[in-house]
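Asks: Sharing a structure, written as structure tokens. Questions coming.
Derivation of every value follows stated rules applied to the coordinates shown; laboratory data play no part. Just so it is clear, the model here is predicted, and its values are computed rather than measured. Note that each Cβ is placed from the backbone with ideal geometry, even for glycine, and that neighbours are counted across all protein chains shown.
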Amino acid sequence: MNAGLMDEPVSIQRYTETTDTNTGEKLQTWAEIAAPWARVVELETGSEEVNADRRENKQTVNFTIRYDSNIKVSDRVVWNSNKYNIIAIADLERRMYIKLHTEISYKND
């Protein structure tokens, strides 16, 4: 792969839970664990379904970044202010790169 194709900055975030020292309240946040450059491929396919009387549209997007063994399927990708859930991670070219198969969900009332 041509590294010059990785021209979009993205953020990889991980869900964390901490406790507020003053109140003891549990705080749930997403913390950035990496900020790589990515090749973004928006697939032309998507899906639409009805869940609990709400229509959901899902769009699949693939992000290719340099290999990072720290990234997990439970993490998410943030690109252009949109949050993409990681569905699968594929190793490419003998662990030089990884492809993150992601999905974004739009909920319509």
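Asks: Within the set of pairs 6+ apart or on separate chains, which have a first residue in segment 69-83 that is in contact (Cβ under 8 Å) with a residue 40 or more places away in the chain and over 13 Å from Ala31 (Cβ atoms), a second that is acidic (Asp, Glu) and surrounded by 14 or more Cβ atoms within 10 Å (Cβ to Cβ), and C-beta atoms under 7 Å apart?
Replies: Trp79/Glu8
Asks: Please enumerate the residues belonging to segment 12-25 that are closer than 28 Å to Asp68 by Cβ and either among the aromatic types (Phe, Trp, Tyr) or exposed (fewer than 11 other Cβ atoms within 10 Å of the Cβ) (or both).
Replies: Of everything in segment 12-25, those that are closer than 28 Å to Asp68 by Cβ and either among the aromatic types (Phe, Trp, Tyr) or exposed (fewer than 11 other Cβ atoms within 10 Å of the Cβ) (or both) turn out to be Tyr15, Glu17.
Asks: Continuing with the same structure: Take the residues in segment 69-84 that are among the charged types (D, E, K, R) and either assigned to a strand (DSSP E or B) or surrounded by 15 or more Cβ atoms within 10 Å (Cβ to Cβ) (or both), then tell me which one is nearest to the chain's Cα centre (by Cα).
Replies: Arg76
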